[in-house]
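Peer 1: This is the structure I have questions about; it appears just below.
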Amino acid sequence: MRKIIPLIGFLLLVQLATAQVNFGARMGVNMGTFDFSNANTEESYNVAQSFNVLINLDIDVPFSTVFSFRTGLGFVVKGAEFDAVPTMSQQFPDSNFSAVFSMNYLEVPLFLVARAETDFFGTFFLGAGPTLSLGVGGRMEMFSEHHAGGQDQVRYDIVWGNNRFYNAGNGGHLYNHLRRFDFGLGAIFTYQLPRRGLTFSVSYNRGLRNLSPNEGMNLNTTYFGFSVGFQMGG
């Protein structure tokens, strides 16, 4: 078994080195949302979708006339807004508040892609597989409207890592502390115009990791992407 695994790896490297590698680029928007819950409070949350930027550089490595391996590097802003009306809140007593997240990620897809080429109507691609994401920046804006009158607005940078929030000196707020690494499942459907390389893509990503390091809190991201691009090769 120890000899078979290096042999398989060597054969895969040979396949990648000898295959015709196709490159592409896409740009568009994603419609993001997330699942959010906090078991430490009595608050209920309503999450609203938001539109964010989506940029991808694609590498497509065919290993048969139908199937290929697709990877690359994407810059994705994942975000959404949630509104809460607390019954008892230590953060904002007797107030309504909302938080808007914009989290910047570098994302690497690891997709198995099937293609169907037609004579006159272009080529269709359908792929799916795991994704790996790395948080590289972002911010959270919090708005609070007091029942007694007045409104507060505070902006916090995202604090990446596994450190839990303890106090205001530890980075600002309970909600802006997030784990840097995320993994998920994704899918993509692409239509490529015949002989022109112009592509139109719809993509989906579901984060599987709880990004909040705080006990009792849960935050998972989801987005649908819509992009237009160009692919060199067929």
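Peer 1: How many of the residues making up region 182-231 are basic (Lys, Arg) and over 16 Å from the mean Cα position of the chain (by Cα)?
Peer 2: 2
Peer 1: Show the residue pairs meeting these rules: Cβ distance below 9 Å; 6+ apart or different chains; first residue within region 201-223 and on the phi > 0 side of the Ramachandran plot and part of a loop (DSSP other than H, G, I, E, B); second residue modelled with pLDDT under 95 and among the small types (Gly, Ala, Ser).
Peer 2: Listed pairs, sorted by first residue: GLY216/SER37; GLY216/ALA39.
Peer 1: Taking region 210-234 only, how many residues are within 14 Å of ASN40 (Cα to Cα), out of contact with any Ser or Thr (no Cβ under 9 Å at 6 or more places or on another chain) and loosely packed, with under 14 Cβ neighbours inside 10 Å?
Peer 2: So the answer is 1.
Peer 1: Considering each residue of region 212-234, count those that are under 30 Å from LEU193 (Cβ atoms) and not aliphatic (A, V, I, L, M), and give that number. Break it down stepwise before answering.
Peer 2: Applying the first criterion (under 30 Å from LEU193 (Cβ atoms)) to region 212-234 yields 222-234.
Narrowing further to those that are not aliphatic (A, V, I, L, M): 222-227, 229-231, 233-234.
Residues that pass the stated criteria total 11.
The values are calculated or read from the model by the stated rules, or taken from the named source; none is laboratory data. Quick caveat: nothing in here was measured; it's all calculated off a predicted structure. Virtual Cβ from ideal backbone geometry, glycine too; neighbours counted across all protein chains shown.
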